[in-house]
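Undergrad: Before I ask anything, here is the structure I am working with.
The values are calculated or read from the model by the stated rules, or taken from the named source; none is laboratory data. Because the structure is predicted, anything quoted here is derived from the model rather than measured. Here the Cβ positions follow ideal geometry from the backbone for every residue, glycine too, while neighbour counts run over all protein chains shown.
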Amino acid sequence: MTASSCAGQAAVVTGGSRGIGRAIARELAARGATVIVGYRVNADAAAATVAQIVETGGRALAIPFDVTDAEAVKAGIARVLAETGRLDVLVNNAGVAIDGLVARLRDADWARVLETNLTGTFYCARAALRPMLRARYGRIVNLTSVVGATGNAGQAAYAAAKAGVVGFTRSLAREVASRGITVNAVAPGFVETEMTAELDEARRASYAALIPVGRPATAEEIAAAVAFLASPAAAYVTGHVLHVNGGLYM
């Protein structure tokens, strides 16, 4: 197995049914991992991710669990272990954004964004730690965002959650470094996904103008960064936030 290979490993990708999560799942599978596509409700999209992986010779299965439900997360990880016998990589990608100015932001929207992006990351990492600690090996990669570092008007809840993910990443990294487990984060900027494709051309152009390289990232470019941190090659990298944003945040 080469340093960048994940051959023989089992990798969970939450929110793996579409967008960045799907690209991450495909990249890890291409590197040899058996990929568990975690999803909440969109079974068809998760099945499509699995089918794409299998069609290219990879191994994958889909397991539903809601990252905001601690018991569902425990059950989901237990099923992963029952199916694969191991858990080497966890990618906390599941997330939601509900935009709104603070003065008008509803309590329920604030709570949902924090529960999904931050508390969900905690629940999944906590559940994954038991088998990783036993094995004395693990890779946890959390998805944060450029706005967690810069802030953004109208995205206070999302920025707060993603900034929280950074603090959680660094704290957990310190807790488990001596046990062969690394914990890192990837912070994307503006990425071409199904959601951003719905923006009108004027807004897309205004965003691109802020990016030094002059274009958004592809989901595959984010996936490549995640795959490096998830690989044996990244054994000496922990507590790090890798910004992948074309120079939007320097």
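Undergrad: Under the condition of being among the aliphatic types (A, V, I, L, M) and in a loop (DSSP other than H, G, I, E, B), which residue from region 183-202 is farthest from TYR137 (Cα to Cα)?
TA: Among them, the one singled out is LEU199.
Undergrad: Still on this structure, I have one more. Within the bounds of region 126-136, is there any residue that is outside any helix (DSSP H, G or I) and not small (Gly, Ala, Ser)?
TA: yes
Undergrad: Quick check on this structure: which one of ALA205, ALA233 is more than 20 Å from the chain's Cα centre (by Cα) and either in a helix (DSSP H, G or I) or free of Cβ contacts under 8 Å to residues at least 12 places away in the same chain (or both)?
TA: When all the criteria are applied, what remains is ALA205.
Undergrad: On to the next question. Can you name the number of the only condition in (1) modelled with pLDDT under 95; (2) under 30 Å from VAL80 (Cβ atoms) that ARG134 fails?
TA: Condition not satisfied by ARG134: (1).
Undergrad: Does any residue in region 34-49 that is touching a residue at least 24 places away in the same chain (Cβ under 8 Å) come within less than 6 Å, Cβ to Cβ, of a residue that is surrounded by fewer than 24 Cβ atoms within 10 Å (Cβ to Cβ) and charged (D, E, K, R) six or more places away or on a different chain, and which pairs are these?
TA: Close Cβ pairs satisfying both conditions: THR34/ARG59; ARG40/ASP66; ALA45/ARG18.
Undergrad: Right, next: Please specify each residue of region 138-158 satisfying the condition of being small (Gly, Ala, Ser), within 16 Å of the chain's Cα centre (by Cα) and not in a helix (DSSP H, G or I).
TA: GLY138, SER145
Undergrad: Which residue pairs have Cβ atoms closer than 6 Å, lie 6 or more positions apart in sequence or on different chains, and pair a first residue in region 157-182 that is more than 30 Å from ASP109 (Cβ to Cβ) with a second residue that is part of a helix (DSSP H, G or I) and modelled with pLDDT of 95 or more?
TA: That search, which allows pairs on different chains as well, returns ARG179/LEU133; ILE181/MET132.
Undergrad: With among the small types (Gly, Ala, Ser) and under 14 Å from the mean Cα position of the chain (by Cα) as the only criterion, which of ALA127, ALA78, ALA161, ALA135 stands out?
TA: ALA161
Undergrad: Whether any residue in region 72-81 is surrounded by fewer than 18 Cβ atoms within 10 Å (Cβ to Cβ) and in contact (Cβ under 8 Å) with a residue 40 or more places away in the chain is what I want to check.
TA: yes
Undergrad: Continuing with the same structure: Considering only region 1-60, how many residues are among the small types (Gly, Ala, Ser), surrounded by 24 or more Cβ atoms within 10 Å (Cβ to Cβ) and assigned to a helix (DSSP H, G or I)?
TA: Result for region 1-60: 5.
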